[in-house]
1. What is the Rg over Rh value, at two decimals, for the stretch 10-69, using alpha-carbon atoms and the Kirkwood definition of Rh?
2. Could you check how much of the accessible area of the stretch 86-143 is carbon and sulfur, as a whole percent, using a 1.4 Å probe?
3. Taking K and R as +1 and D and E as -1, what net charge do the other residues with C-beta under 12 Å from the C-beta of M56 add up to?
4. Let me understand the stretch 1-125 better: what is its radius of gyration from the alpha carbons, and its Dmax, in angstrom?
5. How much space per residue, in cubic angstrom, does the convex hull of the C-alpha atoms of the stretch 93-222 take up?
6. Return one number: the angle in degrees, 0 to 90 and rounded to the nearest 10, between the long axis of the Cα atoms of helix 51-61 and the longest principal axis of the Cα atoms of the chain.
7. Cα-based Rg (one decimal) and Dmax (whole number) for the chain, in Å?
8. Using just the Cα positions, wrap the stretch 127-189 in a convex hull and report its mean projected area in square nanometres, one decimal place.
Amino acid sequence: LQVNEDCPGLQVATPQEGPCAASAYESAANQLVSEGLVDPTRIGIIGFSRSCYYVMETLTNSPLRLRAASITDGVMFDYFQYIQMPERMSGEGNAIMGAAPFADGLQQWLRRSPGFNLDKVNTPLMVVGYGPSSLLSMWQPYAGLHYLKKPVDLVMLTTDEHVLTNPAVRVVSQGLTVDWFRFWLQDYEDPDPAKADQYKRWRELQKMQQEDEKKTGTAPAS
């Protein structure tokens with residue numbers, strides 16, 4: 001299911017932008033589940049560009065249960081991105097969070113920014129950057145979840161494009177996405193020997209996820 005980035009009738013760069021998107025995902029998933037088209041224990045979500053923020057908002061503030069997620073080369077309105085690019089991020093970031101992340105305004109960021117609420121994430125997350133600069137901008141969710149011992153993978157694709165046009169890079173990007181979601185949603189591993197290290201890494205993340213589910217009581221019903 002592909003969802004339009006903008007909520008109908010809602011302007012972007014408001015405090016309602018992220019929650020509105022998360023609510024749309026939740027409503028869509030619940031509808032598909034009610035129609036018998038979707039297994040509620042095997043739902044994944046993908047974010048790219050601005051919708052990375054929506055995915056992180058969903059993972060940290062929505063009751064929607066997700067089995068796997070990925071975010072690629074996008075904005076998340078977290079503190080690390082803000083400090084990296086204050087001229088670019090301050091306008092929309094201040095509007096979305098309701099203040100700049102300094103003095104009393106920092107308290108609003110602590111409540112609203114997904115980057116400060118990573119302890120609420122219970123979904124394995126793949127973080128993808130396009131080149132070193134992009135990877136650095138995606139660092140906070142990876143570093144935070146890694147510190148919290150939650151399942152998170154970090155991947156850098158060798159490109160400086162935002163919208164991929166290079167066929168070889170697109171094949172790698174899309175193949176990686178398919179592998180990640182089939183691993184978590186279908187318990188499937190591609191037998192290609194070239195991918196052995198990838199699955200070895202993900203199996204360790206799977207053990208981490210199982211331990212996290214035991215501690216939080218969020219294991220899917222069998």
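The values are calculated or read from the model by the stated rules, or taken from the named source; none is laboratory data. Source: prediction; values computed, not measured. Positions of Cβ are generated from backbone atoms using ideal geometry, with glycine treated the same way; all protein chains shown enter the neighbour counts. Side chains are part of the model used for accessible areas, which takes the heavy atoms of the whole protein and leaves out ligands, DNA and RNA. Shrake-Rupley method; radii C 1.70, N 1.55, O 1.52, S 1.80 Å.
1. Details: Rg = 11.7 Å, Rh = 11.9 Å.
Looking at the stretch 10-69, the ratio lands at 0.98.
2. Values: 1410 of 2540 Å².
Percent of accessible area from carbon and sulfur atoms in the stretch 86-143: 56.
3. On the way: positive: R50, R112, K120; negative: E57, D78.
Net local charge, M56 excluded: +1.
4. Spelled out, the Cα radius of gyration and Dmax of the stretch 1-125 are 14.7, 49 Å.
5. Numbers: hull volume 18.6 nm³, N = 130.
About 143 Å³ per residue, rounded to a whole number.
6. Taking the Cα atoms of the chain, the angle to 51-61 is about 90 degrees.
7. Spelled out, the Cα radius of gyration and Dmax of the chain are 17.3, 53 Å.
8. Values: hull surface 19.2 nm².
Mean shadow area of the hull around the Cα atoms is 4.8 nm².
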